[in-house]
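Student: I'd like to ask some things about the structure below.
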Amino acid sequence: MEGGHFTIKNWSDDDKPREKLMLKGKEALSDAELLAILIGSGSRNESAVALSQRILANVGGLNSLAKLSIAQLMKFKGIGEAKAVTIIASLELCARRRSEKAVEITKITSSKKVFDLMQPVIGDLSHEEFWVLFLNNSNNVISKVQLSKGGIGGTTVDVRLIFKLAFEKYATALILCHNHPSGSLIPSDADKQITRKIREAGNKLDVKVLDHVIITESKYYSFVDEGIF
């Protein structure tokens, strides 16, 4: 084809991701083919599927792709602002769907349940966030609240606010959660200090601090499971 874009319309039927999805179902498509549908068209010398394959191979998969900014996506030849926005919006919808599904797990019976609930929320972030799960007498999650963003320490996590919210929500227990974007599961000294401070306050105010769970992209660390509590 001379000039213009090599669009999906110009492909043979076997190579058209849209048609393949309609004929064979969404499960039949590879990650690159699904991404190609979002991208829509490649360039004169590269199809949308080839472009998608190149992007995924470069970043290491969908989880890494979801962490990229618009500017980072636009560094790939063939990805303009509109395509970058489409990719980011689509991956954010996926994350929100996972989060909604996780909310259905309302009763906390283990640290794994905490991970299932919070990984879609903070597991893939490139920055650190500190969250609190508020529970009732049956260990059902009443609410989950973001307390800070960017780091953990006495200046970023307001202990008084945690228990003010606990009383407002009639919570009898809470679980602390934060993510480590680095992927490390080792708690820092700041992690241990803030946990100790919140536990001591909880003991005085009769609100149990049941656990502190550190979450990464695919794993978690529980203070209780590791015997720190």
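Student: If we scan region 72-81, do we find a residue that is closer than 25 Å to Ser218 by Cα and of a type outside the set (Gly, Ala, Ser)?
Tutor: yes
Student: Return the residues of region 209-229 that are polar (S, T, N, Q) and either outside any strand (DSSP E or B) or free of Cβ contacts under 8 Å to residues at least 24 places away in the same chain (or both); say none if nothing qualifies.
Tutor: The answer is Thr216, Ser218.
Student: Pick out the one residue from Val157, Val114, Val141, Val145 that is closer than 23 Å to Glu217 by Cα, in the same structural domain as Lys204 (by TED's automatic domain parsing), over 16 Å from the mean Cα position of the chain (by Cα) and not in a loop (DSSP other than H, G, I, E, B).
Tutor: Val141 is the lone residue from the list that is closer than 23 Å to Glu217 by Cα, in the same structural domain as Lys204 (by TED's automatic domain parsing), over 16 Å from the mean Cα position of the chain (by Cα) and not in a loop (DSSP other than H, G, I, E, B).
Student: So how many residues does region 163-196 have that are in a helix (DSSP H, G or I) and touching a His at 6+ places or on another chain (Cβ under 8 Å)?
Tutor: Total meeting the criteria: 2.
Student: Look at Val121 and say whether it is part of a helix (DSSP H, G or I) and among the aliphatic types (A, V, I, L, M).
Tutor: Answer is yes for this residue.
Student: Here is a follow-up. Here are Asp225, Asp189, Asp211: which of them is touching a Leu at 6+ places or on another chain (Cβ under 8 Å), within 23 Å of Gln119 (Cα to Cα) and of a type in the set (Asp, Glu)?
Tutor: Asp211
Student: Right, here's the next one. Search region 153-208 for residues being polar (S, T, N, Q) and exposed (fewer than 13 other Cβ atoms within 10 Å of the Cβ), and hand back the single one that is modelled with the highest pLDDT.
Tutor: Among them, the one singled out is Asn203.
Student: Are any of the residues in region 78-90 within 14 Å of the chain's Cα centre (by Cα) and touching a residue at least 24 places away in the same chain (Cβ under 8 Å)?
Tutor: Yes, there is a match, as at least one residue in region 78-90 is within 14 Å of the chain's Cα centre (by Cα) and touching a residue at least 24 places away in the same chain (Cβ under 8 Å).
Student: Please verify whether Ser64 is of a type in the set (Gly, Ala, Ser) and in the same structural domain as Ile194 (by TED's automatic domain parsing), treating the condition exactly as stated.
Tutor: no
Student: While we're here: Can you report the number of residues in region 197-206 which are closer than 16 Å to Val132 by Cα and either in a loop (DSSP other than H, G, I, E, B) or not charged (D, E, K, R) (or both)?
Tutor: Here the count works out to 3.
Student: Regarding Lys169, is this residue in the same structural domain as Pro120 (by TED's automatic domain parsing), under 20 Å from Lys113 (Cβ atoms) and not hydroxyl-bearing (Ser, Thr, Tyr)?
Tutor: yes
Student: What tally of residues in region 28-48 results from selecting those that are in a helix (DSSP H, G or I), more than 19 Å from Leu68 (Cβ to Cβ) and either of a type in the set (Gly, Ala, Ser) or at pLDDT below 90 (or both)?
Tutor: Qualifying residue count, region 28-48: 1.
The values are calculated or read from the model by the stated rules, or taken from the named source; none is laboratory data. Keep in mind that this is a model prediction, so the values were computed, not measured. Cβ: placed from backbone, ideal geometry, glycine included. Neighbour counts: every protein chain shown.
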